[in-house]
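A short worksheet on the structure shown next.
The values are calculated or read from the model by the stated rules, or taken from the named source; none is laboratory data. A quick note: this is a predicted structure, and the numbers were derived from the prediction, not measured. Because the Cβ atoms are built from the backbone with ideal geometry, glycine has one as well, and the counts that use them run over all protein chains shown. SASA here: full protein model, heavy atoms, side chains in, ligands and nucleic acids out. Shrake-Rupley method; radii C 1.70, N 1.55, O 1.52, S 1.80 Å.
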Amino acid sequence: YIATIIFFIGVNTTYFWEGDLGVYSMLSFLLLCLYFIILLDCLIAQLFFLGKENANKKPRIVLILFMTTILGLTVVFSGGIIPFSKFESKPLLIAHAEGVANCMTTLTLRANKTFEVSSVCFGTSKTTGNYYISGDTIYFSNVSPGRGNSPNYAYGVITQLQSPNAPSESVLIRYESSTDTIGQTLWITQNALNDGEK
């Protein structure tokens, strides 16, 4: 019972701790998969013992039903039973950048003036903070960096594109400081900032 409950809690709370593990998030995923396989083996063993048991079978039947329910819920709701992301503030702007080896960076600006940057590259890392807009510039503040050596961007500028072959009509270019002349380009896939200001 204890091992099954610990596994259930681990799976259903990944939303809160996975982004803080950085490159170790891949290891945590593999450990949870291994944990699942071990519990599945234990469940099969319990079924085997049930077939050979002649005494009171009720405690073992209850345990088998409990383990089957937990493992079944994990298969159906692999991200957890409660979709915690749905309780977050409405996203107003979402922008992506793809790096080498299919690494992906996603920036989300929310209606409550908070932002998060999720980086998936041989693991996950999440940077959070606040933002405010002045003119065409988005400034980032109170930044809480995730694991890894990702740079700390101070502000970003939305730029409209004229190229008809571009993945989107506009990009957000983030800069580390006023001396940064290169920046990082993220392709905007959703922009409702004007709606959020109404």
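Each residue in the stretch 30-72 was checked for being surrounded by 11 or more Cβ atoms within 10 Å (Cβ to Cβ) and more than 23 Å from residue 11 (Cα to Cα), and 7 pass. Return yes when residue 198 is over 30 Å from residue 12 (Cβ atoms), at pLDDT below 90 and either open to solvent by 60 Å² or more (accessible area, probe 1.4 Å) or of a type in the set (D, E, K, R) (or both) and no when it is not. The answer is yes for residue 198.
Is there a residue in the stretch 86-101 that is farther than 30 Å from residue 155 by Cα and at pLDDT below 85? No, that holds for no residue.
Scanning the stretch 29-80 for residues that are under 18 Å from residue 7 (Cα atoms), free of Cβ contacts under 8 Å to residues at least 12 places away in the same chain and among the polar types (S, T, N, Q) yields one hit, 69.
Taking every residue in the stretch 1-22 that is of a type outside the set (Asp, Glu) and outside any helix (DSSP H, G or I) and pairing it with any residue that is surrounded by fewer than 16 Cβ atoms within 10 Å (Cβ to Cβ) and modelled with pLDDT under 90, at least 6 positions away or on another chain, the pairs with Cβ-Cβ distances below 8 Å are 21/27; 22/148. Taking the criterion of being in contact with a helix residue (DSSP H, G or I) (Cβ under 9 Å, 6 or more places away or on another chain) and open to solvent by 40 Å² or more (accessible area, probe 1.4 Å), the residues of the stretch 73-119 that qualify are 73, 75, 77, 78, 79, 81, 82, 83, 84, 85, 90, 111. Filtering the stretch 120-151 to residues that are aliphatic (A, V, I, L, M), open to solvent by 40 Å² or more (accessible area, probe 1.4 Å) and closer than 21 Å to residue 194 by Cβ leaves only 133. Within the stretch 156-180, if we keep just the residues that are closer than 27 Å to residue 123 by Cβ and open to solvent by 50 Å² or more (accessible area, probe 1.4 Å), the residue that is modelled with the lowest pLDDT turns out to be 167. Could we say that residue 63 is outside any strand (DSSP E or B), within 27 Å of residue 29 (Cα to Cα) and at pLDDT 90 or above here? It is true that residue 63 is outside any strand (DSSP E or B), within 27 Å of residue 29 (Cα to Cα) and at pLDDT 90 or above.
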